[in-house]
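The values are calculated or read from the model by the stated rules, or taken from the named source; none is laboratory data. This one's a predicted model, so the numbers in the text were calculated from it and none came from an experiment. Heads up, the Cβs are rebuilt from the backbone with ideal geometry, glycines too, and the neighbour counts pull from every protein chain shown. Remember, those area values only see protein heavy atoms, side chains included, never the ligands or the DNA or RNA. Shrake-Rupley method; radii C 1.70, N 1.55, O 1.52, S 1.80 Å.
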Amino acid sequence: MSIEKLAARLSKISESQTLAMARKSRELQAQGKDVISLSIGEPDYDTPDFIKEAAKKAIDQNYTHYTPVAGFQDLRVAIADKFKRDNQITYTPEQIVVSTGAKQSIANVILSLVDEGDEVIVPIPYWVSYIELIKLADGIPVYIYAGVNQNFKISAEQLEAAITPKTRMIIFSTPCNPSGSVYNKQELEALVKVLEKYPNIYIVSDEIYEHINFVGKHESMAQFPSVYNNVITVNGVSKGFAMTGWRIGYIGAPLWIAKACEKMQGQFTSGTCSVAQRAALAAVAADPAVVKPMRDGFLKRRDMVLALLNDIPGIKTNVPDGAFYVFPDISAYFGKSDGTTTINNSADLCMYLLNSANLALVSGDAFGDDNCVRFSYATSEDKLIEAIKRLKNALLLLK
Ligand code: PMP
Ligand code: GLU
């Protein structure tokens with residue numbers, strides 16, 4: 001008989017709530033339940049044909065061997081070119097590391113830079129995995145709350161107040177998962193003015209939703225020369241090119257950090273999938289205008305979803321300027337009950353919606369804000385209309 005004892009490390013972290021909700025929905029769907037899942041954040045579009053063709057060609061050309069740990073050289077060159085073309089940032093190919101999804105890119109960076117007891121500033125709402133990865137590195141998350149009333153964006157004053165001698169890093173996404181908020185150049189510059197005073201603080205700028213931006217130009221943290229040497233820019237092809245399953249993310253970073261991430265990755269996964277890298281090369285080398293129709297589709301759905309949500313009493317939303325999420329504040333329903341279930345927090349509300357309305361959302365507490373729920377609108381208009389009808393009916397039963 002074996003004794004089931006896991007390493008203590010595992011008890012420090014929780015399961016990814018986005019993936020957990022997606023799993024629960026799949027299980028219920030397999031049981032024949034008509035569950036609409038707006039839980040996982042992934043485009044419902046298919047990968048564009050020219051990218052699929054590049055992958056098919058790569059197989060025929062026998063791109064079937066181990067790859068360099070940091071990625072194929074021509075892919076790293078193409079990514080460096082992309083950074084210059086789209087973001088006006090200069091990285092040499094040696095400063096680029098390609099990984100198995102931006103999730104691994106972020107894990108590499110955190111595990112390479114954060115030591116036990118180091119503080120990492122994380123604006124709320126944050127993407128779920130940041131916190132768990134910080135905990136895995138024995139770091140301490142330090143939160144800055146930015147609720148719906150400030151469009152889920154932190155101010156320079158809040159940032160300054162959160163910094164201590166132990167601060168090692170700040171990590172945030174723009175466009176933001178889960179709020180859809182986008183920092184404009186002036187807002188980033190205000191944060192830079194604070195951060196440039198602290199050369200020991202590293203800035204992880206997660207820009208994976210770059211191409212899903214409804215307000216014009218994407219602004220990158222590393223464009224500001226005073227912090228360039230402290231910024232790690234995270235990006236990837238999952239969201240912008242509808243390539244979630246291909247698992248390609250990348251960073252541009254100071255050389256010594258890129259080297260550290262390469263070393264880390266060399267022990268975990270080696271270089272990522274050869275065929276997926278050839279596909280990613282076609283994606284990053286393409287004119288970003290090729291994915292504008294997807295972005296336009298998301299914008300149309302955003303407007304529809306906002307109009308429908310704002311028709312439900314007690315729901316408060318911002319206007320998300322990017323990504324494909326809405327993060328409505330639903331706290332007006334706390335303390336209410338349908339006669340059997342009382343809703344005390346966002347997790348209660350999500351379970352209630354799943355069980356009684358066959359609707360899967362992700363509770364806001366997974367992103368640090370228990371007043372909210374996350375709603376991914378990367379699905380068809382028909383499904384969205386039906387989902388919001390279910391949401392409305394279920395909420396109206398709460399008295
Ligand atoms: N950052 C953010 C903010 C995300 O939403 C995601 C989505 N999974 C990732 C990173 C990781 O992306 P991937 O691993 O699919 O490249
Ligand atoms: N980023 C997506 C989300 O937030 C994918 C899920 C995950 O990787 O955790 O839903």
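Scanning segment 301-338 for residues that are charged (D, E, K, R) and touching a helix residue (DSSP H, G or I) at 6+ places or on another chain (Cβ under 8 Å) yields Arg301, Asp311, Lys316, Asp329, Asp338. Picking from residues in segment 338-369 that are among the charged types (D, E, K, R) and surrounded by fewer than 19 Cβ atoms within 10 Å (Cβ to Cβ), the one that is farthest from Ser129 (Cα to Cα) is Asp338. Close Cβ contacts (under 9 Å, 6 or more residues apart or on different chains) running from residues in segment 108-120 that are open to solvent by 10 Å² or more (accessible area, probe 1.4 Å) to residues that are of a type in the set (S, T, N, Q) comprise Asp118/Thr167; Glu119/Thr164; Glu119/Thr167. Within segment 14-42, being away from ligand 2 (no atom under 15 Å from the Cβ), out of contact with any helix residue (DSSP H, G or I) (no Cβ under 6 Å at 6 or more places or on another chain) and not in a loop (DSSP other than H, G, I, E, B) holds for Glu27, Leu28, Gln29, Ala30. Screening the candidates Asp46, Asp34, Asp60 for the property of being closer than 16 Å to Gly245 by Cβ and open to solvent by 90 Å² or more (accessible area, probe 1.4 Å) yields one hit, Asp46.
Among the residues here, Val98 qualifies as within 14 Å of ligand 1 (Cβ to nearest atom) and assigned to a strand (DSSP E or B). Take the residues in segment 121-134 that are closer than 22 Å to Gln265 by Cα and β-branched (Val, Ile, Thr), then tell me which one is surrounded by the fewest Cβ atoms within 10 Å (Cβ to Cβ). Top of the filtered list is Ile131.
Put simply, of Gly245, Gly216, Gly240, Gly252 the only residue that is within 26 Å of Phe50 (Cα to Cα), within 16 Å of ligand 1 (Cβ to nearest atom) and free of Cβ contacts under 8 Å to residues at least 24 places away in the same chain is Gly245.
Taking segment 184-236 as the range and being within 16 Å of ligand 2 (Cβ to nearest atom), of a type in the set (A, V, I, L, M, F, W, C) and either touching a Ser or Thr at 6+ places or on another chain (Cβ under 6 Å) or more than 28 Å from Pro293 (Cβ to Cβ) (or both) as the test, the residues that pass are Val204, Val234. Do we find that Ile106 is within 22 Å of the chain's Cα centre (by Cα), under 15 Å from Gly252 (Cα atoms), within 16 Å of ligand 2 (Cβ to nearest atom) and not in a loop (DSSP other than H, G, I, E, B) in this structure? Against the criterion (within 22 Å of the chain's Cα centre (by Cα), under 15 Å from Gly252 (Cα atoms), within 16 Å of ligand 2 (Cβ to nearest atom) and not in a loop (DSSP other than H, G, I, E, B)), Ile106 qualifies. Remark: pairs (first residue in segment 369-391, within 16 Å of Ile312 (Cβ to Cβ); second residue polar (S, T, N, Q) and open to solvent by 60 Å² or more (accessible area, probe 1.4 Å); Cβ separation under 8 Å; 6+ apart in sequence or on different chains) are absent.
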